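Let me begin by presenting the structure, written as structure tokens, before commenting on it.
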Amino acid sequence: MPRPPPRFARPPPKLAPLDRAARWRLGLGLVALTLLLPVQVVLADRVRLAANPDWRPLLETVCARLGCTLPAWREPAAFVVLSREIQPHPSSPQALLVTASFRNDARWPQAWPLLELTLSDLDGQAIGLRRFQPSEYLGGTPSRPSLAPGQSASLALEIVDPGHRAVSFEFDFH
């Protein structure tokens, strides 16, 4: 008597054909999965897409409905310095007092930026550079987590006087 072939070599069993209702359910399920796939891809990649001004409004709407979160908008170039001044410190001869105000010109609220202050000599060479956290230039923890569009803020810094070599200064935001 011949031996039957092993199970993995046998042809698959014949399946019964689907009735009309089962075909409809299967079709609707495939359509639903096809429509949900782009939503899932967008949600999975929302951190990168949230940095794009074209995608941001759509993601805010979707996340508001689904309860997901988006990172704070980051556009350091949208912070604009409105005024700035450096002067000798009124009570310490070895220090300078730096004051400035800046505004968020982005379309969305932004987290408080990292502030970079560069002091330069007559040739434009940097002789001092330091980055300040928001708590350092605001004099404490910010009262709000972000700066609204069009909102301004003031800062004050006390720094060591680098001497007569420093003739200019520049602010940058990160």
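The values are calculated or read from the model by the stated rules, or taken from the named source; none is laboratory data. Just so we're clear, the structure is a prediction, and the values are computed from it rather than from any experiment. Here Cβ is always computed from backbone atoms with ideal geometry, including for glycine, and neighbour counts include all displayed protein chains.
Considering only residues that are under 30 Å from residue 71 (Cα atoms) and touching a helix residue (DSSP H, G or I) at 6+ places or on another chain (Cβ under 9 Å), which ones fall in the stretch 1-51? Full working, then the answer.
Initially, the stretch 1-51 is screened for residues under 30 Å from residue 71 (Cα atoms), giving 32-51.
Selection gives 39, 42, 43, 46, 49, 50.
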Original post:
Scanning the stretch 124-153 for residues that are without any contact (Cβ under 8 Å) to a residue 24 or more places away in the chain and within 19 Å of residue 78 (Cα to Cα), which turns out surrounded by the most Cβ atoms within 10 Å (Cβ to Cβ)?
Top reply: 137
Subject >> Residue match in the stretch 36-53 (condition: at pLDDT 90 or above and of a type in the set (Val, Ile, Thr)) >> reply: no
Original post:
Are there any pairs, at least 6 apart or on different chains, whose C-beta atoms fall under 9 Å, with the first in the stretch 49-73 and among the hydroxyl-bearing types (Ser, Thr, Tyr) and the second at pLDDT below 85, and if so, which?
Top reply: 69/46
**OP:** Return the only residue of 103, 84 being under 23 Å from residue 171 (Cβ atoms), of a type outside the set (Ser, Thr, Tyr), surrounded by 13 or more Cβ atoms within 10 Å (Cβ to Cβ) and touching a Gly at 6+ places or on another chain (Cβ under 7 Å).
**Re:** 103
